[in-house]
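Every number in this text was worked out from the coordinates using simple rules, so none of it is lab data. It should be emphasised that the depicted structure is a prediction, and the values quoted were computed from it without experimental measurement. Here the Cβ positions follow ideal geometry from the backbone for every residue, glycine too, while neighbour counts run over all protein chains shown.
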Amino acid sequence: MSTPHPTATRHRRNGGDLVVESLAALGAGTVFGLPGQHALGVFDALRRSALRYVGLRVENNAGFAADAYARATHGVAPLLVSTGPGALMTLAALQEAAAGSAAVLAIGSQVPLAGIGGGRHGYLHELTDQSASFRGVVKSVHTARTASQIPSAVAAAWESALSAPHGPVWLEIPQDVLLAEVDIPPVTQLDASPRELLPRPELIAAAADRLTRARRPVILAGGGVVRAGAEAELLALAERLRAPVATTFGGKGAFPWEHPLSLRSWLEDRYTTSFLEDADTLLVVGSGLGELSSNYHTFRPHGQVVQIEADLGKLESNHAALGIHADARAALAALAKEVAERGPRDTGADEEAEEDGGAGAPAPEAAVSALLARVHDRIAGQQLDLEQRILASVRDALPDGAVSCWDMTILAYWAWSAFDPRRTNALHSAQGAGGLGYGFPAALGVAVADPTRPVLAVSGDGGAMYSIAELATARQYDLPVTWLIVDDGGYGILREYMTDAFGEATGTELTRPDFVALAGSFGVPAVRTSPERLRTDLAAALAAPGPSVVVLPARLRMFAPTHLES
């Protein structure tokens, strides 16, 4: 009688099965990650589940992909990694997820249970306190020490990630707990509904009173508006108040770019800063008025500030305000209703202009047009035609429904201020934490979320080298991502910063590969283009199925900063 082959034996469920069953019960359909020895219990369980696994080549890139997937779907993106080096490699990505409020549920393994507690047992990948490495980065840290704790721990982490403000969380489970056989029924249902963060009615009433009494109300919309899906509520309130709206870099797409009240995103501009300062009531929604949103902390409001913010730590952290701790959508909806019930706001602008023979305050729409004209004239005087032509070519080549993901590169810095995403939640960048290597793996995550639309990634040659291995991922999963690599021979923005500050740059010049040949070695079509051919070559790449690379040799410059003038 023949001996049964080991693979023919019936599988006995273990802790890894509880992890994937819990994720599925909470509604997950896709997980990102990279396997490691201590995490094999989870990865083995994946093949017995309906979850789709997308594996990247570097844990940090897997984290960036999960980050963008969470932003694109407004949901939770599970990220599976192993102990020690694998876990620590996710920290830069999780910092970006925290800065950008992306709901990444990172699940890492741990050394066997006997090794947890600070003793030096010499286990592979052992850290004295692995979870301590994450406490200053993520929203919350969770540990499951027994199999029966796993479903509840996964649910608690999921709820934390999805509660306003969204953000990354860390859950770790020891290797032996993941591998141990369990006598627990399969997980079929879990409830992890986040608590709705509603505004207090008396604060809404006070804010509505200030806005309806204001002669020059202005709105600054941040990333919290996009994450909350509050674009319609913002538009309704702005139009009722006739209030000009500027969007932060993280809030791009929150307000229509071509709307007569749109100040767009020129926040690194002294004219825009002054316009915001001159508002007698400034409504800040979903922004902490941090470094970039305040033109490097040169913003000094002359009037009242009303701030709606889901992150309690950001409320009044930079400027005194009537602070409303609430989700942006709930607060804007309540505010729009309260303002509507108070009746039309008397702006006084048109009436004053008529009484003064045209010398009074201009209508809000006219004030917006005048501001944008001043910004345009300032840029036009700096001989930056190449940069503007290239950005326009990218915009023309990118279909209106497509998403773009931008690395930390000069063209991205231009995009923050000058690029029209043409729809909400269509531009993602690493401007929150500012780490290199975000663009391409983030674009892969967006493509996983919706493989029916092309996605554009934009990197410099320095940033591209952080994620070049993910060309293999793009090819393996046949993802429709076109990667534009602007090759300027080094870390371009750092070259500019150092030259401006010290007269010359150090450590910024790089030896690069032949990106076209390198992409070809992965089986990814690639072309070297020029500023004149960029629109055509990029449009063709975006229209083709699967991944592609477009390399643009160009040395770009930034527009002059204005924060130093103040």
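Helical content alone sets the calculated 222 nm signal of the chain at -11000 deg cm²/dmol, taking -39,500 (n - 2.57) per DSSP H segment of four or more residues and averaging over every residue.
Within a straight-line Cα-Cα reach of under 17 Å, Lys314 can be paired with the following lysines, leaving aside sequence neighbours fewer than 8 residues apart in one chain: Lys139.
Pairs of alpha-carbon atoms within less than 8 angstrom and 6+ residues apart define the contacts here; what relative contact order does the range 459-566 have, in percent? Walk me through the numbers before you get to the answer.
On the way: 158 pairs, mean separation 37.1, N = 108.
Across the range 459-566, relative contact order equals 34 percent.
Amide H to amide H, with H built 1.01 Å from N, Ser131 comes under 5 Å of no residue 5 or more places away or on another chain. For the range 492-508, putting each phi into the Karplus relation 6.51 cos²θ - 1.76 cosθ + 1.60 with θ = phi - 60° gives couplings of x, 5, 5, 4, 5, 4, 5, 5, 5, 7, 10, x, 7, 9, 10, x, 9 Hz, in residue order, rounded to whole numbers and with x for Gly and Pro. Projected label points at Ala340 and Glu565, each 7 Å from Cα along the beta carbon direction, are separated by 4.1 nanometres. Which cross-chain or sequence-distant (5 or more) residues have an amide H under 5 Å from the amide H of Thr143, H modelled 1.01 Å from N in plane? Excluding prolines and chain starts, which carry no amide H, the hits are Glu172.
The alpha-carbon of Lys337 sits under 25 angstrom from the alpha-carbons of these lysines, leaving out residues fewer than 8 places away in its chain: Lys252. Farthest toward the positive end of the dipole of the chain, out of Thr212, Ser317, Pro112, is the Cα of Pro112, where the dipole comes from beta carbon charges about the Cα centre. For the chain, the residue among Ala99, Ser369, Ala328 whose Cα projects farthest onto the positive side of the dipole built from Cβ charges is Ala99.
The alpha carbons of the chain occupy a box of 106, 57, 43 Å along the principal axes, longest dimension given first. Rounded to the nearest whole Hz, the Karplus-based 3J(HN,Hα) values (6.51 cos²θ - 1.76 cosθ + 1.60, θ = phi - 60°) of the range 36-42 follow the sequence x, 4, 6, 9, 4, x, 6, with x at glycine and proline.
Let me check against my output: what whole-number percent is the relative contact order of the range 18-155, with C-alpha pairs under 8 Å and at least 6 apart? Across the range 18-155, relative contact order equals 25 percent.
Only four residue types carry charge here, +1 at the Cβ of Lys and Arg and -1 at the Cβ of Asp and Glu. Report the dipole size of the range 483-534 about the Cα centre in Debye, rounded to the nearest 20. Don't skip to the answer; put the middle values down first.
Working: 4 positive and 8 negative charges, 56 e Å.
I would put it at about 260 debye.
Each of Val31, Ala442, His302 was placed along the dipole of the chain (beta-carbon charges, centred on the mean Cα), and the one lying farthest toward the positive end is Val31. Rounded, prolate or oblate for the range 1-139? Axes are the square roots of the Cα gyration tensor eigenvalues, ordered a ≥ b ≥ c, and the cut-off for rounded is a/c under 1.5. Oblate, because a/c is 1.5 or more while a/b does not exceed b/c.
What order do you get for 326-339, 304-317 when each peptide is scored by the mean count of other beta carbon atoms within 10 Å, highest first?
On the way: 326-339: 24.1, 304-317: 20.2.
Sorting 326-339, 304-317 by mean packing, highest first, produces 326-339, 304-317.
Note that the range 437-450 has calculated 3J(HN,Hα) couplings of x, 6, x, 6, x, 4, 4, 4, x, 5, 5, 5, 5, 8 Hz, one per residue in order, obtained from phi through the Karplus relation 6.51 cos²θ - 1.76 cosθ + 1.60 (θ = phi - 60°); glycine and proline are x.
If you take the square roots of the eigenvalues of the alpha-carbon gyration tensor of the range 135-185 and sort them as a ≥ b ≥ c, do you get rounded (a/c under 1.5), prolate (a/b over b/c) or oblate?
Working: a/c = 4.11, a/b = 1.95, b/c = 2.11.
In terms of gyration-tensor shape, oblate.
How high is the relative contact order of the chain, in percent, counting Cα pairs under 8 Å that sit 6 or more residues apart? Each step should come with its number before you reach the end.
Values: 1256 pairs, mean separation 70.9, N = 566.
Reported as a whole number, the value is 13 percent.
Extending 7 Å from Cα along the Cβ direction at Ala132 and again at Gln189 yields two label points whose distance is 4.3 nm.
Once backbone amide H atoms are built at 1.01 Å from N, Leu322 has Val305, Val306, Gln307 as its partners under 5 Å, excluding neighbours fewer than 5 places away on the same chain. Which of the three applies to the range 206-278, rounded, prolate or oblate, going by the alpha-carbon gyration tensor with a ≥ b ≥ c and a/c under 1.5 meaning rounded? Oblate shape, in that a/c is at least 1.5 and b/c is the bigger or equal ratio.
Placing +1 on the Cβ of every Lys and Arg and -1 on the Cβ of every Asp and Glu, with nothing else charged, gives the chain a dipole about its Cα centre of roughly 1320 debye.
Using only side-chain charges placed at the Cβ, +1 for Lys and Arg and -1 for Asp and Glu, the dipole size of the range 429-566 relative to its Cα centre rounds to 340 debye.
For every other residue with a beta carbon closer than 14 angstrom to the beta carbon of Ile485, add +1 if it is Lys or Arg and -1 if Asp or Glu, then tell me the sum. Could the numbers behind the result be given before it?
Numbers: positive: Arg512, Arg528, Arg555; negative: Asp407, Asp461, Glu470, Asp487, Asp488, Asp514, Asp537.
My count for the surroundings of Ile485 gives -4.
Full extension from Asp400 to Thr298: what is 0.36 nm times the residue separation minus their Cα-Cα distance, to one decimal in nm? Could you put the intermediate results ahead of the total?
Details: separation 102, 0.36 × 102 = 36.72 nm, distance 3.46 nm.
Taking Asp400 through Thr298 to full extension adds about 33.3 nm, to one decimal.
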